[in-house]
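Quick notes on the structure that follows.
The values are calculated or read from the model by the stated rules, or taken from the named source; none is laboratory data. The structure displayed is predicted, hence computed values, not measured ones. Neighbour counts are summed over all protein chains in view; Cβ atoms, including those assigned to glycine, are modelled from backbone coordinates with ideal geometry.
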């Protein structure tokens, strides 16, 4: 069974472990992960986890910026990759962002992260910029991607 839910502080060890074993996740410190559950941060960030058969298999962290959202971190554990869990998690997040009035979602991804870029392209994210040498170890450009929610049709005539 697959379930997407809001993360709770008890999920903290899973988030840290998944990120640690995911070369493409943002490698935050344990304090940065812990801050996600601080009372003052709960309104500033949304952290969702995806469970498979009761085990946390991935997470996404995003923040609202007025009508735009920024995905700050997303990762799926190695044993759960290539099974659609990342796509499922991203889809649930996009529903949440849209339901909260979001019009666009932005993120940065390593230029060489072809698997993630293919996932985002599947969801209709488009390249809208680059940040030169944004990532370190190894130094690499970040590709900025944007997803725009479809707007209502305008009646002509």
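Taken over region 96-105, residues that are without any contact (Cβ under 8 Å) to a residue 40 or more places away in the chain and either in a loop (DSSP other than H, G, I, E, B) or within 22 Å of residue 16 (Cα to Cα) (or both) amount to 2.
Of the strands (runs of 3 or more DSSP E) lying entirely inside region 1-82, those containing at least 3 residues that are closer than 29 Å to residue 138 by Cα and touching a strand residue (DSSP E or B) at 6+ places or on another chain (Cβ under 7 Å) span 46-52, 55-65, 68-76. Collect the residues in region 89-114 that are under 14 Å from the mean Cα position of the chain (by Cα), over 18 Å from residue 146 (Cβ atoms) and at pLDDT below 95, keeping them in residue-number order. Within region 89-114, none qualify.
Residues checked against (1) modelled with pLDDT of 95 or more; (2) on the phi > 0 side of the Ramachandran plot; (3) surrounded by 17 or more Cβ atoms within 10 Å (Cβ to Cβ):
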| residue | (1), (2), (3) |
| --- | --- |
| 11 | yes, no, yes |
| 28 | no, no, yes |
| 31 | no, no, no |
| 36 | no, no, yes |
| 51 | yes, no, yes |
| 71 | yes, no, yes |
| 76 | no, no, yes |
| 82 | no, yes, no |
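Being more than 14 Å from the chain's Cα centre (by Cα) and either under 22 Å from residue 105 (Cα atoms) or in contact (Cβ under 8 Å) with a residue 60 or more places away in the chain (or both) is a property that residue 51 lacks. With respect to the conditions (1) surrounded by fewer than 20 Cβ atoms within 10 Å (Cβ to Cβ); (2) modelled with pLDDT of 95 or more; (3) under 15 Å from the mean Cα position of the chain (by Cα), residue 143 lacks only one, and its number is (1). So for region 17-30 (the condition being touching a residue at least 60 places away in the same chain (Cβ under 8 Å) and within 29 Å of residue 128 (Cβ to Cβ)), does at least one residue qualify? So far as region 17-30 goes, yes, one or more of its residues are touching a residue at least 60 places away in the same chain (Cβ under 8 Å) and within 29 Å of residue 128 (Cβ to Cβ). Checking the stated criteria, residue 56 turns out to be buried (at least 20 other Cβ atoms within 10 Å of the Cβ), more than 14 Å from residue 25 (Cα to Cα) and in contact with a helix residue (DSSP H, G or I) (Cβ under 6 Å, 6 or more places away or on another chain). Just one of (1) touching a residue at least 12 places away in the same chain (Cβ under 8 Å); (2) part of a helix (DSSP H, G or I); (3) more than 15 Å from residue 70 (Cα to Cα) fails for residue 93. It is (3).
Looking across region 125-149, just one residue is outside any strand (DSSP E or B) and touching a residue at least 24 places away in the same chain (Cβ under 8 Å), and that is 149.
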